[in-house]
Amino acid sequence: MCLAIPGKVVELLPEDRSLAVVDVLGVRRKVDLGLLQEDPPLAGDWVLIHVGFAMSKIGEADALAQLRMLTELGESDAAREEVQGYGLGEEEADEEAEAAESNAGP
Amino acid sequence: MRFVDEFREPELITRTASEIRRLADAKRHYRFMEVCGGHTHSIYRFGLKDLLPSNIELVHGPGCPVCVLPMGRIDDGLSIAEQPGVIFAAFGDMMRVPGTRGTPLEYKARGMDVRIVYSPSDALKLARNNPERHVMFFAIGFETTAPSTALTLMRAKAERLRNFSVFCNHVTIIPAIRAILDSPDMRIDAFIGPGHVSTVIGCRPYGWIASNEGKPIVVSGFEPLDILQSIVMLLRQLNENQKKVENQYKRAVPWEGNRAALKAMAEVFELRPYFEWRGLGFISQSALRIRAAYAEFDAEHRFSVPGVRVTDPKAAQCGEVLKGVLKPAQCKLFGKECTPEHPIGALMVSSEGSCAAYYNYEHRKTQALTYLSQTPVSIGETSV
């Protein structure tokens, strides 16, 4: 929770300006931009994500360094799983999350 | 010990480590507290202690949200899960944290509807998709996650959702640091300030630590080099008798913080008069509750919760470890009854908890070395 996940903004969504599609370690999910409304990111920008919300913009080199560190901390699978779990308006993401949950068992 | 050339920038790491040795006064003992659990994880994972001279001691702070939550709050949240028609939603970190009658996962096994969510907005979505059920989101975290909960509640209100509530356990970092400084058994020379909390609150709120308490604080990033550079900055301040707030993590932390996030928090939350922290006891104005304007989304308002105080298992010394008075391995249960596989205290659950970090890296390493030293490598019996 303390460690942010860096993601690259791939697409801004015209129908809902508070959401953007972000790529994290090859996984694409919608992320909430509502907390960056004073300085909204553009497609191609990198953001640090906490619990589905972009919290700050960072440079590409720093984002890549942070991704490398998540891998070294053994947290990159957890990060990928977290991002895969984001279900913002995406039905297939929901199903995946539910499938993952039922596989995980009690 | 980790080989220095495994690091991303080995020369810079070597140079920074030798700068630390040059700056540290051999006659002094330094105690630096890293406030954030993310730093604790990084310090153990990268074996940074091995790069520091023995007179620099890193003390692990209270910045692990699941670790500081007292068991009574977990019981209160789970009591709502037991109500008919309720879906209990929480982050994965919470799922293995023990309450008096089990962890959320064990409640799930007993038939309660417990779901892992990765974002508060996913809990909101669950509520939209299950109009006949009530979705309660068990919110935890410092200022890093509180704005996301706030924005989610603003959206729930705008949509006039009737079946969504938040059990709010958001806490704030500044009063926790104050409690540590006020604690008579603590002596801290300087602070490694939290990185991602500071992306929200900025650097200004730390000003009193420098000006009133006379302690340097450097807001730090999470990479090995970040943490070592922050230690250099702290040593320089101490050597020059300066007390300042400095920002080592400028690439992510603006001095003023994130105004939109602070605004969302102010709209939805207000300070509780006091809140209980595991290990630190009751701290005034240290946690957030949901404002009256959002009362219909406040689980504590909608449901009656027992609000019982539960003391931790007697033998567990989570409190002392949280305050930095004891090292993880000094707790009587560490590595015996309490392990990451079977945690008794919350510090063993989260990867940001100092016990789990210590166990996963230091303890396992020591065990392996002991094993190797006791295992004969050649035909031991015949050799002399």
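Each reported figure results from applying straightforward, stated rules to the coordinates on display, with no laboratory input. The shown structure was predicted, so the numbers you read here are calculated from the model rather than taken from an experiment. Quick reminder, even Gly has a Cβ in these numbers, built from the backbone with ideal geometry, and neighbours come from all protein chains shown.
How about the range B:244-275: which GluC sites (Glu not before Pro) there lie in a loop by DSSP and see at most 13 other Cβ atoms within 10 Å? Display every interim value, and only then the final one.
Working: sites: B:E246, B:E256, B:E267, B:E270; in loops: B:E256.
Filter output for the range B:244-275: B:E256.
Evaluated at q = 0.19, 0.23, 0.24 Å⁻¹, the base-10 log of the normalised Debye intensity for the range B:318-373, with identical point scatterers placed on the Cα atoms, takes the values -0.59, -0.83, -0.89. Dipole magnitude for the range B:318-373: about 160 debye, using +1 per Lys or Arg Cβ and -1 per Asp or Glu Cβ, origin at the Cα centre.
For B:Y274, the residues whose modelled amide H falls within less than 5 Å of its own, excluding neighbours fewer than 5 places apart on the same chain, are B:Q285. Neighbours of B:A24, meaning other residues whose beta-carbon lies under 12 angstrom from its beta-carbon, give a summed charge of +1 when Lys and Arg score +1 and Asp and Glu score -1.
Beta carbons within 10 angstrom, averaged per residue: use that to sort the peptides B:146-154, B:257-265, highest first. Mind dumping the intermediate values first?
Details: B:146-154: 26.8, B:257-265: 21.1.
Final packing ranking: B:146-154, B:257-265.
With both residues required to sit in the protein assembly as shown, DSSP beta bridges show an antiparallel share near 45%.
Proximity of backbone amide H atoms, modeled 1.01 Å from N, is registered between B:F282 and B:W277 at under 5 Å, excluding neighbours fewer than 5 places apart on the same chain. Pair-distance distribution P(r) for the range A:36-87, from all Cα-Cα distances in 10 Å bins starting at 0: 23, 51, 25, 1 percent.
Magnitude of the charge dipole for the protein assembly as shown, about its Cα centre and with charges confined to Cβ atoms of Lys, Arg (+1) and Asp, Glu (-1), is about 1480 debye. Straight-line reach from A:K30: taking Cα to Cα under 21 Å and skipping same-chain neighbours fewer than 8 places apart, the lysines in range are A:K8, A:K57, B:K125.
Contact order for chain B, expressed relative to its length and based on alpha carbon pairs under 8 Å spaced 6+ residues apart, stands at 21 percent. Taking every C-alpha pair closer than 8 Å and separated by at least 6 residues, the mean separation divided by the residue count of the range B:318-373 gives a relative contact order of 24 percent. Our note on the geometry: Cα centres of the range B:255-300 and the range B:83-102, 21 Å apart. According to the Cα-based calculation, Rg over Rh for the protein assembly as shown is 0.97, with Rh computed by the Kirkwood formula.
3J(HN,Hα) along the range B:313-324, derived from phi through the Karplus expression 6.51 cos²θ - 1.76 cosθ + 1.60 where θ = phi - 60°, amounts to x, 3, 5, 6, 10, 3, x, 5, 5, 4, 7, x Hz, with x in place of Gly and Pro.
Near B:M265, within a Cβ-to-Cβ distance under 14 Å, what is the net charge of the other residues, with Lys and Arg +1 and Asp and Glu -1? Can you show the working numbers first?
Working: positive: B:R259, B:K263, B:R272, B:R289, B:R291; negative: B:E143, B:E267, B:E270.
Taking every other residue near B:M265 into account, the sum is +2.
Per residue of A:70-78, other chain Cβ atoms within 10 Å of the residue Cβ number 3 on average.
Tell me the relative contact order for the range B:114-165 as a rounded percent, counting alpha carbon contacts under 8 Å between residues six or more apart. Walk me through the numbers on the way to the answer.
Values: 39 pairs, mean separation 23.5, N = 52.
Computed value for the range B:114-165: 45 percent relative contact order.
To the nearest ten degrees, helix B:10-23 and the longest principal axis of the Cα atoms of chain B are 80 degrees apart. Both radii were evaluated on the Cα set of the range B:248-350; the Rg over Rh quotient, with Rh as the Kirkwood radius, amounts to 1.08. Note that the range A:66-76 has calculated 3J(HN,Hα) couplings of 5, 5, 4, 5, 4, 5, 5, 7, x, 9, 6 Hz, one per residue in order, obtained from phi through the Karplus relation 6.51 cos²θ - 1.76 cosθ + 1.60 (θ = phi - 60°); glycine and proline are x. Distant-in-sequence amide contacts of B:D113, defined by a placed amide H-H separation under 5 Å and a gap of 5 or more residues or a different chain, comprise B:F88. Counting only alpha carbon atoms, the long axis of helix B:173-182 and the longest principal axis of chain B meet at about 50°.
For A:L19, the shell of other residues with beta-carbons less than 9 Å away shows a net charge of -1, using +1 for Lys and Arg and -1 for Asp and Glu. Applied to the range B:340-347, the Karplus parametrisation 6.51 cos²θ - 1.76 cosθ + 1.60 on θ = phi - 60° returns per-residue 3J(HN,Hα) values of x, 6, 10, x, 9, x, 5, 5 Hz, with x for Gly and Pro.
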